[in-house]
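Values in this text are rule-based calculations from the coordinates and carry no lab data. Computed from a prediction, not measured in an experiment: that's the story for all the values here. Cβ placement follows ideal geometry from the backbone for every residue including glycine, while neighbour counts extend to all protein chains displayed.
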Amino acid sequence: MIKFSDLKLDAKVLKAVEETGYETPTPIQAGAIPPALEGRDVLGIAQTGTGKTAGFTLPMITMLKRGRARARMPRSLVLAPTRELAAQVAENFDTYAKYTKLTKALLIGGVSFKEQDNLIDRGVDVLIATPGRLLDHFERGKLILSDVKIMVVDEADRMLDMGFIPDIERIFGLTPFTRQTLFFSATMAPEIERITNTFLSNPAKIEVARAATTSETITQGVIMFKGSKKASEASEKQKLLRDIIASEGADCRNGIIFCNRKIDVDAVAKSMTKAGLDASPIHGDLEQSHRMRTLAKFRDGTLRFLVASDVAARGLDIPNVSHVFNYDVPSHAEDYVHRIGRTGRAGKTGTTIMICTPRDQKNFDDIERLVEMAIPRMELPGMASVAPVATPVDAAAPSDDKPKRTRTRGGRGRRTDAEKVAISPVDAAQADTAQQDTPKVETPEAGAAKAKAETPMAQTPAVETAKVDPPRSETKKIESPKAEPTRNAPRQDHSDNSNRERSRGGHNRGGRDNHDRGPKIVGMGDDAPTFITLSFDERQDG
């Protein structure tokens, strides 16, 4: 069996490794350290949690023990996709280089530029950074990368997912062509393989396990969940998560809960805290100092549950995590491998449970194809309370629902209090029978009106009015002194006269009252001349 003492590491590095309690290297460490010490490019692919960070940190410290860094010119560079992963690499460097005089600088967002500039100005042997902050320092003229001898890209596939590939290509162009390059990742997408072929020269490829495989020490499970209503699905899903935690009992010492969205991270952490569970959120929108404090509390055991986005899914080495809960199915299948890799580390056992809704089925199928196994289905705890099944309604049975409101013409109808009372069909039939049997009492006036209505039209005397067209000369003589002239007058539209009269106090245009024109004739309008309203008898008498 290979031991660290067999890997030709520096004595001071071996002393630091022994103090950590490790004696036997992991397969990725045993495979990557020897070619790295020889100065070859390395492409390491291994499951998460297998010690890839020490796989490049230990040979870097050994090779950099000789030499001295100059101001603003780091001797080595480590790129990490997230602040948390970069900070973890820095912690590993402090652990294994504590007996050496090597210096380091951590360039990540959320920290003052001035403090980072002061470290760079003094000169550092190891520069650990995220791509964005590194380029910020370079563009400000505070950093020179022409003296980089060793360059490490950690979690290379995550760099691709986060859109860092253009930045990485630019950074590679700023470093010397003679540098030594180390690539490490748990998965290897075709795009990453293309980049490695571009920037790596005859690399030693160490693949200790098939890419995107999960550890055998992790017990996996998935719960198929469907909310009763779309509006209440979030609260029901949060309750389901709490039920799962309760069902695990004492075995669930602590756990990381992964969500796809930052807003869900905050909502889940708040609901768990409200239910009495010790939980705290961590995502990219929080300040870096707050994120580091939260991680520190989770590591030392003072915080039981960490509700996180994918910033905590890559490379974080948090020991003794008993459970990982996927509140959401990851959008990228590779993220599932990294998420569940937070438990079952260093040969320890762990449990991971995922909640899958119907809209997550496609992503779930992608995960099963990637890991090449069927994730066991688990029973739904508290299924009756989480997703009640609606009882179908029989169409033939009488309904107890309220009668539908009848909308009258124009949409202004409203039911009275009496109409709001539901009447059964039997009561309605009895009411119709009673109405038919009730004798009707007619008044004399009503009888007369009825007899008049029943009289045939032929027996009804017709009152005829003779239609006599008087001569034109006769018509001119008979005129009301107050009538308006109608002959040869232009036709006018009087449709708005009623409005004008109301606005002028009820008077017409000529100042005369309406009663001066005689009674209103239906069909003629308000402006009919008075002579038209006179009967023929009145004309002859006049």
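With each label modelled as a point 7 angstrom along the Cα→C-beta vector, the ALA234-ARG66 pair spans 6.1 nm.
Among the GluC sites (Glu not before Pro) within segment 11-94, those in coil by DSSP and having at most 11 neighbouring Cβ atoms inside 10 Å are GLU23.
For segment 16-25, putting each phi into the Karplus relation 6.51 cos²θ - 1.76 cosθ + 1.60 with θ = phi - 60° gives couplings of 5, 5, 4, 5, 6, x, 8, 10, 10, x Hz, in residue order, rounded to whole numbers and with x for Gly and Pro.
Phi angles across segment 276-288 convert, under the Karplus curve 6.51 cos²θ - 1.76 cosθ + 1.60 with θ = phi - 60°, into 3J(HN,Hα) values of x, 9, 6, 9, 8, x, 8, 7, x, 7, 7, 5, 4 Hz, Gly and Pro given as x. Which of PHE4, SER201, GLY123 sits closest to the plus end of the dipole of segment 4-207, meaning its Cα is farthest towards the positive end, when Lys and Arg get +1 and Asp and Glu get -1 on the C-beta? It is GLY123, whose Cα lies furthest towards the positive end. Remark: relative contact order (segment 1-156) = 27 percent; criterion is Cα-Cα distance under 8 angstrom and separation of 6 or more residues. For the peptides 247-255, 101-109, residues were scored by their other Cβ atoms within 10 Å and the scores averaged per peptide; the highest-first order is 101-109, 247-255.
Among DSSP beta bridges whose residues both lie in segment 46-179, state the antiparallel percentage, nearest 5.
For segment 46-179, the DSSP antiparallel bridge percentage is about 10.
The overall shape of segment 1-41 is oblate: from the C-alpha gyration tensor, with semi-axes ordered a ≥ b ≥ c, the ratio a/c is 1.5 or greater and a/b is no larger than b/c. Name the long-range amide H neighbours of THR219: under 5 Å, sequence gap of 5 or more, or other chain; modelled H, no Pro or chain starts. HN-HN under 5 Å from THR219: GLY350, THR351, THR352. Each of GLN238, GLY227, ASN254 was scored by the projection of its Cα onto the charge dipole of segment 223-290, and the greatest displacement toward the positive side belongs to GLY227; charges sit on the C-beta of Lys, Arg, Asp and Glu.
Multiplying the sequence separation of LYS8 and GLU191 by 0.36 nm and subtracting their Cα-Cα distance, what value in nm do you get?
Taking 0.36 nm per residue and subtracting the Cα distance, the gain is 62.5 nm.
State whether segment 4-207 is rounded, prolate or oblate according to the following rule on the C-alpha gyration tensor (a ≥ b ≥ c being the square roots of its eigenvalues): a/c under 1.5 gives rounded; otherwise a/b larger than b/c gives prolate, and the remaining case gives oblate. Oblate, since a/c reaches 1.5 and b/c is not below a/b. Restricting segment 119-187 to chymotrypsin sites (Phe, Trp or Tyr not before Pro) that sit in a DSSP loop and have at most 13 other Cβ atoms within 10 Å of their own Cβ leaves PHE177.
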